[in-house]
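Below is one structure, written out as structure tokens, with a few remarks after it.
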Amino acid sequence: MRRPIVFIAILLLGVSSLYVAAQSSEAAIEIPRNIKNNQFFLESLRLANLARLSYSDGDYDSSSTYAEESVRYARLSDEYVARQLKIKQVNDAIAAAKERLDWALSVSANTRYPREYGEARGYYNASLTFRTQEAWDEAIAEANKVIFALAGVRVEVEVEVEEKKPVLPAQYTVRTWSALRDCFWNIAGQSWAYGDPFQWRRLYNANREKLPDPSNPNLIEPGIVLDIPSIRGEVRQGLWDAAISYPPLP
């Protein structure tokens, strides 16, 4: 008998604990099934089962041998999983860096931000070199530098387009009927409103609670400040000013 019975029992318990820990590790770290159930882990389970069977048959020498090998393969499995997870972390970091570089190139960062783009490209190439050398931490660090190097790149064209959008009034103060014939129909027909008098009901529905009689759209009093809701996604801001020449609703 190569090992005392008590020692074999403890060793088998250790193998069982390794199995339970491996099965429950997904709760703490998301490990892909093809990585977790690797060849070392499966071999460890096979040897653990042989150790239990040998122990049940009273063949303690064989049980001890199987148990020791099972523990060795479980450790090899841990090393394999750690390596594969690190490789995945490296590949994810490099993929994110490549995506950012491609975006920067699409907005002409190579000509508008040549220094930043050049640095980012250098960091990216360095990350690929470190990955080839299996210098995992260095590869991740260089890939992350790509993101930081391009942090200041801005899409200026989008800002310019936004600034060129016409700004139309968002409110209008009702004047007297005798002076300007103000009513929902006429106001809706103004070019800076909707340019269409048939949109009067949109104005009425947005402002009916401001009227002396909400059920009567014809009873509109001077001094009421009407809201002019956006109808086509146009930008509206401020109170209508007679001194401003507003563009017509696009």
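If you take just the helices (runs of 4 or more DSSP H) that sit entirely in the range 57-138, which of them hold at least 3 residues that are within 30 Å of residue 42 (Cα to Cα)?
On the way: elements: 60-106, 109-112, 114-132.
In the range 57-138, 60-106 are the helices (runs of 4 or more DSSP H) which contain 3 or more residues that are within 30 Å of residue 42 (Cα to Cα).
Report, by residue number, each residue of the range 59-92 that is among the β-branched types (Val, Ile, Thr), surrounded by fewer than 19 Cβ atoms within 10 Å (Cβ to Cβ) and under 17 Å from residue 33 (Cβ atoms).
Answer for the range 59-92, where residues must be among the β-branched types (Val, Ile, Thr), surrounded by fewer than 19 Cβ atoms within 10 Å (Cβ to Cβ) and under 17 Å from residue 33 (Cβ atoms): just 87.
Quick grid of which residues meet (1) in contact with a Pro (Cβ under 8 Å, 6 or more places away or on another chain); (2) at pLDDT below 75; (3) among the basic types (Lys, Arg); (4) under 30 Å from residue 88 (Cβ atoms):
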| residue | (1), (2), (3), (4) |
| --- | --- |
| 1 | no, yes, no, no |
| 11 | no, yes, no, no |
| 14 | no, yes, no, yes |
| 24 | no, yes, no, yes |
| 29 | no, yes, no, yes |
| 37 | no, no, no, yes |
| 40 | no, no, no, yes |
| 53 | no, no, no, no |
| 59 | no, no, no, no |
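Would you confirm whether or not the range 137-155 contains a residue that is at pLDDT below 95 and either within 23 Å of residue 243 (Cα to Cα) or more than 41 Å from the chain's Cα centre (by Cα) (or both)?
Checking the range 137-155: not a single residue is at pLDDT below 95 and either within 23 Å of residue 243 (Cα to Cα) or more than 41 Å from the chain's Cα centre (by Cα) (or both).
Given (1) in the same structural domain as residue 172 (by TED's automatic domain parsing); (2) charged (D, E, K, R); (3) touching a residue at least 12 places away in the same chain (Cβ under 8 Å), identify the lone condition not met by residue 213.
Going through (1) in the same structural domain as residue 172 (by TED's automatic domain parsing); (2) charged (D, E, K, R); (3) touching a residue at least 12 places away in the same chain (Cβ under 8 Å) one by one, residue 213 breaks only (3).
Yes or no: residue 192 in the same structural domain as residue 226 (by TED's automatic domain parsing), among the aromatic types (Phe, Trp, Tyr), modelled with pLDDT under 95 and out of contact with any Cys (no Cβ under 9 Å at 6 or more places or on another chain)?
Details: in the same structural domain as residue 226 (by TED's automatic domain parsing): yes; among the aromatic types (Phe, Trp, Tyr): yes; modelled with pLDDT under 95: yes; out of contact with any Cys (no Cβ under 9 Å at 6 or more places or on another chain): yes.
Against the criterion (in the same structural domain as residue 226 (by TED's automatic domain parsing), among the aromatic types (Phe, Trp, Tyr), modelled with pLDDT under 95 and out of contact with any Cys (no Cβ under 9 Å at 6 or more places or on another chain)), residue 192 qualifies.
Please go through the range 92-141 and give me each residue that is of a type in the set (Asp, Glu) and over 21 Å from residue 82 (Cα atoms), ordered by number.
So the first thing to find is which residues in the range 92-141 are of a type in the set (Asp, Glu), and the list is 92, 99, 102, 116, 119, 134, 137-138.
Correct list: 99, 102, 116, 119.
The values are calculated or read from the model by the stated rules, or taken from the named source; none is laboratory data. If you're wondering where the values come from, they're calculated on a predicted model, not measured in any experiment. As a convention, Cβ positions derive from the backbone with ideal geometry for all residues, glycine included, and neighbour counts pool all protein chains shown.
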